[in-house]
Amino acid sequence: MIARLRSILLPALLLGGGCSEPQAEPRPADPSLSTLDRLLAKEEGESVAGAPSDLASCLARVDATGECRPSPRARRTLKLRLALDPRYAQEWPAWEGRLRQTLACVNQLYRASGIDFAFHEVQPWDPGAQRHDLRALLRRLQHDLPPDLQSLVVGLAVWEERRIYARAGGEIGLSQAGACVLPAWPRIENDCLTLAHELGHLLGAEHVPGKSWIMAWSAQPYHLPVADPIARVISTYRFHPRNLESIRAHHRARFTPRGLALPEPCLRRIQGIDRCWKLR
């Protein structure tokens, strides 16, 4: 199974594998989503409204330094090495399409940042008895796939469904030093959000309050009652302005054994933005 998985995965998924972005057809409003919309708008509104009153002038002073401001048109593609649990193909027979959809969804969420992700290498990786222990799993992943100074590492494990939901609202993914590990959810839209969240940490994004931010403090799985839940995720979730600036700064980051590192001017810019938002 492992040899067969490797032979099929690599040509299908290398450098994106020709994945296409999910296309959403225009649909009539779904009244069953109105409560969710109100909750998301309320949480996000409270978060932004709680920002310091002098935020705009503070950010203008940061911008005035001209340090590490990427062009709005700049784009950078970051390579991903995917360590994939062989159970993934067993659980979802259409697993190739599912992976392509997940990556396309993540790239849609990152579109405003100018960062794209592409699969550079895919290899079978059996989590074994550690599959439900995120910290042990991350340590093993970092040992099995040491830094190659050209890509980020993603470990994707298949958990028992009840274990995933038991952890929702707590740790459902873990990131450190250029690598992240996470379970595959039963619903692909939650895979997209979890992967986008963990990759965000690798690009300097911080947790923020409010459920409609990708970097929300707690995992919140939504079973969106629409025909195209991925399109719903893309239209609902985005990066907080502070985190968008951090991700954009990583256009100039370099790979190190400890993950992506920003040049000093970029670090100063993000530190200045942090002082303005006062999120810490």
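Data overview
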{"read-out": "Accessible surface of segment 170-209 [probe 1.4 Å, protein heavy atoms]: carbon and sulfur percent", "value": "49"}
{"read-out": "Segment 101-252 shape via C-alpha gyration tensor axes, a/c threshold 1.5", "value": "oblate"}
{"read-out": "Three-way shape label, segment 237-278, alpha-carbon gyration tensor, a/c 1.5", "value": "oblate"}
{"read-out": "Spacing of the two label points (7 Å from each Cα toward its C-beta) at residue 96 and residue 63, in nm", "value": "4.6"}
{"read-out": "Estimated FRET transfer efficiency when R0 is 35 angstrom, pair residue 74-residue 166 (beta carbons, to 0.05)", "value": "0.25"}
{"read-out": "Contact order normalised by residue count of segment 55-123, Cα under 8 Å, 6+ apart, percent", "value": "48"}
{"read-out": "Cα gyration tensor category, rounded, prolate or oblate, for segment 120-208 with a/c compared to 1.5", "value": "oblate"}
{"read-out": "Residues with amide H under 5 Å from that of residue 157, placed H, sequence gap 5 or more", "value": "182, 184"}
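The values are calculated or read from the model by the stated rules, or taken from the named source; none is laboratory data. None of these values were measured; they are calculated from a predicted model. We place every Cβ from the backbone using ideal geometry, glycine too, and count neighbours over all the protein chains shown. The area values use the complete protein model at the heavy-atom level, side chains included, leaving out ligands, DNA and RNA. Shrake-Rupley method; radii C 1.70, N 1.55, O 1.52, S 1.80 Å.
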